[in-house]
Amino acid sequence: MEGNVANTLRQLTKRAKAARTDEAAVAAVTARRCAQEERHADEQAAIAAAEAKAAGAEGIDPVLVAATLRGLLDGRDAIVVDETITHSRVVKRHVQTSDPDSYFYVQGGLGQGIAVALGVKLAARERPVVLTIGDGAFAYNPVIPSYDAAKAYDLPLLIVVFNNRVYKSMNLNHRRFYPEGAAAETGEWLGTDLHRLPRLAQFAEPFGMHTETVDAPDALAPALERALKAVAEGTTAVVDVLVTR
């Protein structure tokens, strides 16, 4: 729905309550509500189970990154801008932003995430803005000009990179469309391996920004806490998280 979604839903609810007050209608609504509450409870249980599994896993599970972010952002009135591809469902499911204007997914082609996050920060300077982004999407962004803009216009961001060292979406399409192709035969998935990229946080160092590279689960929360502190003090922070594949 276009427009103010929260207000639209309030008005629809008001009209629905006014229009349907007979016993059959009330019973139908009650039954549907019970069914949705049960589905919601099942989903919350599944989320909790996934997070418990991620907390005990070797390496940094993407679910752990999203859940940790949720805990640290609670009560901060933060805005999340998301340009992950492989992990977009993980971010939506486990970061769980629920307030109006608290989550924006970057639409269209890759490479716009940092600029969109800067625009959001420009519109809401008083709120922390967090960009979640994959390493592949990060490489598409005009990183250097974006960092320059962040510093020149005093627009501090927290950039969290879900770094699985691969263009995973592209790799999956290789396998999907050419399951018996040359790449499958040779094991050479050309153009999808990002292991040779330098540590992505290093690009922010010449700008005097806060940088962290995280490769162990117990280092994740402290690194994100330090990064959020830096952002609150006016400095863009980049946390490159080496997640499991």
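All conditions but one from (1) modelled with pLDDT under 85; (2) among the hydrophobic types (A, V, I, L, M, F, W, C); (3) more than 19 Å from ASN141 (Cβ to Cβ) apply to ALA221; the one that does not is (1). Counting only helices (runs of 4 or more DSSP H) that sit wholly inside region 1-76, those with at least 3 residues that are under 30 Å from ILE159 (Cβ atoms) are 23-55, 62-73. The set of residues in region 77-108 being crowded, with 16+ Cβ neighbours inside 10 Å, part of a loop (DSSP other than H, G, I, E, B) and not hydroxyl-bearing (Ser, Thr, Tyr) consists of ALA78, ILE85, HIS87, GLN96, VAL106. Can you report the number of residues in region 127-142 which are in contact with a His (Cβ under 7 Å, 6 or more places away or on another chain) and not in a strand (DSSP E or B)? Selection size over region 127-142: 0. Give the residue that is modelled with the lowest pLDDT, with candidates limited to residues of region 154-191 that are in contact with a helix residue (DSSP H, G or I) (Cβ under 6 Å, 6 or more places away or on another chain) and within 26 Å of VAL95 (Cβ to Cβ). Per the criteria, the residue is TYR167. Name the pairs: first residue in region 57-74 and in contact (Cβ under 8 Å) with a residue 24 or more places away in the chain, second residue outside any helix (DSSP H, G or I) and among the aromatic types (Phe, Trp, Tyr), Cβ to Cβ under 6 Å, at least 6 apart or on different chains? From residues that are in contact (Cβ under 8 Å) with a residue 24 or more places away in the chain, the pairs are PRO62/PHE162. Failed condition for LYS151, given (1) touching a helix residue (DSSP H, G or I) at 6+ places or on another chain (Cβ under 7 Å); (2) closer than 19 Å to THR236 by Cα; (3) part of a loop (DSSP other than H, G, I, E, B), with all others met? (3) is the only condition that LYS151 fails. For the condition over 20 Å from ALA223 (Cβ atoms), under 14 Å from the mean Cα position of the chain (by Cα) and among the small types (Gly, Ala, Ser), SER98 qualifies. Scan region 195-212 for residues that are closer than 18 Å to ASN141 by Cβ, surrounded by 13 or more Cβ atoms within 10 Å (Cβ to Cβ) and touching a helix residue (DSSP H, G or I) at 6+ places or on another chain (Cβ under 9 Å) and the total you get is 7. When residues in region 195-223 are screened for being over 10 Å from ASP240 (Cα atoms) and part of a loop (DSSP other than H, G, I, E, B), 7 of them pass.
The values are calculated or read from the model by the stated rules, or taken from the named source; none is laboratory data. On a predicted model such as this, the values are computed, not experimentally measured, just so you know. Cβ sites come from the backbone with ideal geometry, for glycine too, and all protein chains shown count toward neighbours.
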